[in-house]
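Read the figures in this text as sums done on the coordinates, not as results from a lab. Everything numeric here is computed off the predicted structure, so don't read it as measured data. Note that each Cβ is placed from the backbone with ideal geometry, even for glycine, and that neighbours are counted across all protein chains shown.
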Amino acid sequence: MSVQYVSDSTGQTTAVLISIDDWDKLRKKHPDVDEMEGEIPQWQKDLIEERMLFLKQHPDQVTSIVDFLTELDKEDEEIWDDAASSMGDAHRYYTSRRISLCNDKRASPIGLK
């Protein structure tokens, strides 16, 4: 993406220009971009300041992003392992049920493959 910065007479960046093609790509990727307001609500700013102050006062409560993402990956693995185990149990039940139905002379073969 090609970006041009616009500055005022003091050198302060006041705007960013991008091509229409890049703007269309952004809008396609983020459809709600047109609805975004320029100013962050004060309550959100206050909340961020409150959290930053807490973290500054309690640095032992801070986790690095790498550690955080690693922990999330571990949780995901546990969830998938549990799901796979449950699916295995369901498959074993279904298979045993199917075999017992096939062995039952009264069972209809319709729907069994």
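A few comments on the model shown:
- From the options ASP46, ASP32, ASP60, residue that is farther than 25 Å from MET1 by Cβ and exposed (fewer than 10 other Cβ atoms within 10 Å of the Cβ): ASP60
- Scoring LEU26 on the criteria (1) under 24 Å from the mean Cα position of the chain (by Cα); (2) of a type in the set (A, V, I, L, M, F, W, C); (3) outside any helix (DSSP H, G or I); (4) surrounded by 10 or more Cβ atoms within 10 Å (Cβ to Cβ) leaves a single failure, condition (3).
- Test: residue in the stretch 2-21 that is under 26 Å from the mean Cα position of the chain (by Cα) and free of Cβ contacts under 8 Å to residues at least 40 places away in the same chain: no
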